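The values are calculated or read from the model by the stated rules, or taken from the named source; none is laboratory data. Owing to the predicted nature of the structure, the values given are computational and were not obtained by experimental measurement. As a convention, Cβ positions derive from the backbone with ideal geometry for all residues, glycine included, and neighbour counts pool all protein chains shown.
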Amino acid sequence: MIAEMETTDDAVLGGRLRLLQPKRGHRVGHDAILLAAATGSRDGERAVDLGAGIGGAGLALARRVPGLRVTLVEIDSGLAALAGENARRNDMGDRVRVIAGNVDDVAALGLDEASADHVLMNPPFNDPASQQSSPDARRRLAHVADKELVSRWVSSAAWLLKPGGTLTLIWRAAALDAVLAALTPAFGAIVVMEVRPRPGAAAIRVLVRAIKGGSGRLPDLPSLVLNDEAGRPSAAAEAVLREARPLALADCRAD
């Protein structure tokens, strides 16, 4: 199946990770790396990446936490095959599992209820009513969501997580309210970090961390600003995108 796709071989995280990905369609960008950096994990724990694509976020997290076991779930069988190949070529095949299947029905994928310490996800979040969809089927599937998608994915995360487990997700900033509504009542201890393209600009993304069985919303963390006033990558962004360092959100704990 991989042989049927035209792919590129790209380095991310300053060369710490090499990824095969489709030449056209959905490709790994900042969102996946930011999601990994926002996810707190420890050696010996288990994480599940929902909507993993070619594995960018889950593999970046596995690279940062060497003893972490990761399951990548992706509905597109071609992208799932690439994710498996990417795990092997980055020497993580022994602790990264790939499942081709629908996030809406994780119980049918051979996963166990309340088995994960962490779930991370970068769901499709573009509204088809307000944004023109891509003609590329894979890109459209990865980017366009119906209004109930985030609620269904949050429900799947709640099913997978142990009590006290963490859900980390990235979403478009303008629709944060939809995420907060979906998290109630299964999740609490919610922490938000906005992502801004430059100082003083409106946020374009939000990173959200929530605890299964937690309560309320905690104070927001300072925003991550991607570029300085001159348009150069900020030191904070470079630390995450090139040096594989975690964001402060990864250190947030229910206690």
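All of (1) assigned to a loop (DSSP other than H, G, I, E, B); (2) within 15 Å of the chain's Cα centre (by Cα) hold for G25 with one exception: (2). Selection over region 53-109 of residues that are under 13 Å from L19 (Cα atoms) and of a type in the set (G, A, S) gives a count of 11.
Somewhere in region 82-92, is a residue without any contact (Cβ under 8 Å) to a residue 12 or more places away in the chain and outside any helix (DSSP H, G or I)? Yes - at least one qualifying residue is present in region 82-92. The residue that is farthest from E45 (Cα to Cα), counting only those in region 56-74 that are touching an Asp or Glu at 6+ places or on another chain (Cβ under 9 Å) and touching a residue at least 60 places away in the same chain (Cβ under 8 Å), is A57. Between A203, A210, the distinction of being touching a Ser or Thr at 6+ places or on another chain (Cβ under 9 Å), of a type in the set (G, A, S) and under 15 Å from D31 (Cα atoms) belongs to A203 only. Among the residues in region 238-252, are any modelled with pLDDT under 95, charged (D, E, K, R), in a loop (DSSP other than H, G, I, E, B) and more than 13 Å from A38 (Cα to Cα)? No, there is no match, as no residue in region 238-252 is modelled with pLDDT under 95, charged (D, E, K, R), in a loop (DSSP other than H, G, I, E, B) and more than 13 Å from A38 (Cα to Cα). Taking each residue of region 196-216 that is within 19 Å of A36 (Cβ to Cβ) and looking for partners that are among the charged types (D, E, K, R) and modelled with pLDDT of 95 or more with beta-carbon atoms closer than 6 Å, six or more apart or interchain, yields V206/E194.
Could you tell me which of the residues D112, D91, D49 is more than 15 Å from A157 (Cβ to Cβ) and of a type outside the set (K, R)? Only one candidate passes the filter, namely D91.
Filtering region 93-112 to residues that are surrounded by 12 or more Cβ atoms within 10 Å (Cβ to Cβ), part of a loop (DSSP other than H, G, I, E, B) and in contact with a strand residue (DSSP E or B) (Cβ under 9 Å, 6 or more places away or on another chain) leaves R95, G101, N102, L111. Restrict the check to region 177-189 and report whether at least one residue is closer than 26 Å to G29 by Cα, assigned to a strand (DSSP E or B), of a type outside the set (G, A, S) and at pLDDT 95 or above. No - not one qualifying residue is present in region 177-189.
Residue-wise test of (1) aliphatic (A, V, I, L, M); (2) at pLDDT below 95; (3) within 28 Å of A114 (Cα to Cα); (4) outside any helix (DSSP H, G or I).
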| position | (1), (2), (3), (4) |
| --- | --- |
| G165 | no, no, yes, yes |
| M193 | yes, no, yes, yes |
| A203 | yes, no, no, yes |
| I211 | yes, no, yes, yes |
| A236 | yes, no, no, no |
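Within region 128-163, the set of residues being charged (D, E, K, R) and modelled with pLDDT under 50 comprises D136, R138, R139, R140. Can you pull out the residues in region 2-21 that are without any contact (Cβ under 8 Å) to a residue 60 or more places away in the chain and at positive phi? Across region 2-21, the qualifying residue is only G15. The single condition among (1) in contact with a strand residue (DSSP E or B) (Cβ under 7 Å, 6 or more places away or on another chain); (2) part of a helix (DSSP H, G or I); (3) surrounded by 21 or more Cβ atoms within 10 Å (Cβ to Cβ) that T71 does not meet is (2).
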